[in-house]
Amino acid sequence: MNARLPSTKNLQAFLSTAYYLNFTHAAEALNMTQGAISRQIQSLEEIMGVALFYRQARGLSLTPEGDKFVPLAEDIVKRLQMSIREVADSANRIKLNAPSCITSWLLTRIANFQQAFPDVNVELTSTTKHEAVPNFDSFDLIITYGKPTRSKAVKQTVLFEELLAPVCAPETWQHIKAKGVNEEALLSQLTWLHANPEQSDWMLWLENSGLKKYKGKANQTFATLDQAMNAAQQGFGIAIGDITLAAQDLKLKRLLQPFEKCVSTGNGYHLLHLHQQDNLMVNRLIEWLTLDSGSHGVKT
């Protein structure tokens, strides 16, 4: 057998001829001449060292070797097509991983980005886990919550720092406000909604606001911040929320911030990518998100 590999033209000519068992029809299907098809088949047979067709007066038929090679050639062509499609798609596909609580903040920005660059597909995967070490095996970009990472292999930008304040549905606050009690005392009339069992967000805000003596009428704990915020929006109580994440709901009056006092937790949302990032569209999305967030500078 010849060590030379067949070309895609060889394989396509073979498959078309095997399908029609007629050089003329196979040539028409591939927009080639009958002579060109015949030469491609002859070249393939020389490479393989076997005859693939019986050439008889009444037409063509496959030899046992030709019949055996049909599914193998189909698989080769199909795999090649899939590989080309995968590489082409990956050039215009950006895989982004982010905490679920930042999804609402991201969606508008991603939608605007894709309107500006309609050929780019941003695949957003949400997670409720805060990974200490980012994993770039499956993602081009990762948004993390917490302190900045110390990895030297990663470049990071602060999207925004976490600022906490109580939020609730406007109707909820207006209902208890009618009782005529001072606003601080009104907190004790509501169920407090928590995003973690430690109730740390409420404790931090109360301590920094000088209101440690107050307690909620009841407490309800959720698995994630966005669940607690959704519950607050539906009137189930009052939650401590990140005012940046809640900005759209506050603007549309789906939520109300009864107290001006905001407390910084020292945590933030960081956009991470590898230093050797060379994908043009990934770099454009990084620039899009960081400029839109009002971030200043990149930490390395």
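The values are calculated or read from the model by the stated rules, or taken from the named source; none is laboratory data. All of these numbers come straight from a predicted model, not from anything done at the bench. Cβ sites come from the backbone with ideal geometry, for glycine too, and all protein chains shown count toward neighbours. Each accessible area value is taken on the protein alone, full model and side chains, heavy atoms only, with ligands, DNA and RNA left out. Shrake-Rupley method; radii C 1.70, N 1.55, O 1.52, S 1.80 Å.
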So, Lys217, is that one open to solvent by 10 Å² or more (accessible area, probe 1.4 Å) and either among the aromatic types (Phe, Trp, Tyr) or out of contact with any strand residue (DSSP E or B) (no Cβ under 6 Å at 6 or more places or on another chain) (or both) or not? no
I'd like the full set of residues that are surrounded by 11 or more Cβ atoms within 10 Å (Cβ to Cβ) and more than 18 Å from Leu255 (Cα to Cα), limited to region 170-183. Val181
I need a count of the residues in region 152-169 that are surrounded by 15 or more Cβ atoms within 10 Å (Cβ to Cβ) and more than 27 Å from Ile238 (Cα to Cα). 5
If a residue must be open to solvent by less than 50 Å² (accessible area, probe 1.4 Å), under 16 Å from Ala195 (Cα atoms) and out of contact with any helix residue (DSSP H, G or I) (no Cβ under 8 Å at 6 or more places or on another chain), how many such residues does region 233-267 contain? 1
Those strands (runs of 3 or more DSSP E) completely within region 179-283 that have 1 or more residues that are in contact (Cβ under 8 Å) with a residue 40 or more places away in the chain are 191-194, 238-242, 263-274
Out of all the residues in region 123-146, which are under 16 Å from Asn283 (Cβ atoms) and open to solvent by 20 Å² or more (accessible area, probe 1.4 Å)? Phe136, Phe139, Asp140
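Could we say that Tyr269 is within 22 Å of the chain's Cα centre (by Cα) and of a type in the set (Ser, Thr, Tyr) here? Steps first, please.
Values: within 22 Å of the chain's Cα centre (by Cα): yes; of a type in the set (Ser, Thr, Tyr): yes.
For Tyr269, the condition - within 22 Å of the chain's Cα centre (by Cα) and of a type in the set (Ser, Thr, Tyr) - is met.
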Strands (runs of 3 or more DSSP E) within region 8-113 that include 2 or more residues surrounded by 15 or more Cβ atoms within 10 Å (Cβ to Cβ) and not assigned by the TED database to the domain that holds Leu252: 59-62, 93-99
Restricting to region 114-145, name every residue that is in a strand (DSSP E or B), more than 24 Å from Leu250 (Cβ to Cβ) and in contact (Cβ under 8 Å) with a residue 40 or more places away in the chain. Val122, Leu141, Ile142, Thr144
For Leu291, are the conditions met, namely being crowded, with 20+ Cβ neighbours inside 10 Å and closer than 16 Å to Ile143 by Cβ? no
Regarding region 75-90, can at least one residue be identified that is small (Gly, Ala, Ser) and touching a helix residue (DSSP H, G or I) at 6+ places or on another chain (Cβ under 9 Å)? no
